[in-house]
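One structure is given here, and the rest of the page talks about it.
The values are calculated or read from the model by the stated rules, or taken from the named source; none is laboratory data. Note that the structure is a prediction, hence the values are computed from the model and not measured. Positions of Cβ are backbone-derived with ideal geometry, glycine not excepted, and every protein chain shown enters the neighbour counts. Protein only, heavy atoms only, side chains kept; ligands, DNA and RNA dropped before computing areas. Shrake-Rupley method; radii C 1.70, N 1.55, O 1.52, S 1.80 Å.
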Amino acid sequence: FKKKQHQSQKRYEINQEFFDSPAVKNSYWAGFIAADGHLSKDNGLRISLSSKDESIVHNFVDHVGYDGKTRRHNGCSLDHEYITVDIWGVERWHNCLAKNWNIPRRRKTLTIGPPKNLSYKNSLAYIWGLIDGDGWVSKKGYLGFCGTRPLVLWVRNILGDIPKNRVNIRTNGGSQVNYRCQWAKRDTESIIEELKLVTEIDWGLKRKIG
């Protein structure tokens, strides 16, 4: 089901029902949006990434049936190129992201909580999206991401076979609401193996989960 969207006389097609019911594919993208998407007050969605991660943007627009344009542009540093997609008129997405994955429309970074009532498999897909969106696998082998304390604790509990004393959770910089969660190097491989139980995901960032 697709509808024509318009903003500033732009028109394109989009699958308005993409986030209606949690599944592996949309749970991954919900996690990605939770980490690195921008939900605007006028019912828009923006995803803007370094051009080195261009494949993720193309995968997203393909999955949601968007046939509009993406744009390339330089950031503050003129030698750093970005690729951005702006999608307007997706109030239904906003409502479903809030209902199904507990992603708020406003002040997402400061207020987002964990999803509720997701299946284990959809939870893993959401976590994979979180890590691809705003996480890291360092050269030394540490895996981590940032989020609110409730979200961080939820992720730790989903990946619950690892002893809690091997998960480093602390405030991120001087923030009192944003936390940094990082697993010990020896646990990174087992976490990646657990996430890859979601075999349907074949579009993730190779430099992170793979």
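Listed values, structure above:
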quantity	calculated
Residues within the range 136-159 that are within 21 Å of L110 (Cα to Cα), touching a strand residue (DSSP E or B) at 6+ places or on another chain (Cβ under 7 Å) and either basic (K, R) or open to solvent by 10 Å² or more (accessible area, probe 1.4 Å) (or both), tallied	4
The range 191-210 - residue that is open to solvent by 10 Å² or more (accessible area, probe 1.4 Å) and outside any loop (DSSP other than H, G, I, E, B) and, of those, nearest to Y120 (Cα to Cα)	E194
Top-ranked residue in the range 88-105 [being under 16 Å from the mean Cα position of the chain (by Cα) and within 11 Å of L39 (Cβ to Cβ); ranked as modelled with the lowest pLDDT]	R105
A98 free of Cβ contacts under 8 Å to residues at least 24 places away in the same chain and within 15 Å of G31 (Cα to Cα)	yes
Residues of the range 114-124 that turn out to be touching a helix residue (DSSP H, G or I) at 6+ places or on another chain (Cβ under 8 Å) and open to solvent by 60 Å² or more (accessible area, probe 1.4 Å), as a count	2
Flag if G133 is within 19 Å of the chain's Cα centre (by Cα) and either free of Cβ contacts under 8 Å to residues at least 24 places away in the same chain or closer than 19 Å to P22 by Cβ (or both)	yes
When residues of the range 160-180 are limited to those that are among the basic types (K, R) and in contact (Cβ under 8 Å) with a residue 12 or more places away in the chain, the one nearest to I112 (Cα to Cα)	R180
One residue from I127, I162 being open to solvent by less than 30 Å² (accessible area, probe 1.4 Å), among the β-branched types (V, I, T) and in a helix (DSSP H, G or I)	I127
Members of the range 165-210 found to be of a type in the set (A, V, I, L, M) and under 17 Å from the mean Cα position of the chain (by Cα), listed by number	I192, L195, V198, I201, L205, I209
Those strands (runs of 3 or more DSSP E) lying entirely in the range 3-113 with at least 1 residues open to solvent by less than 40 Å² (accessible area, probe 1.4 Å)	10-15, 37-39, 45-50, 81-87
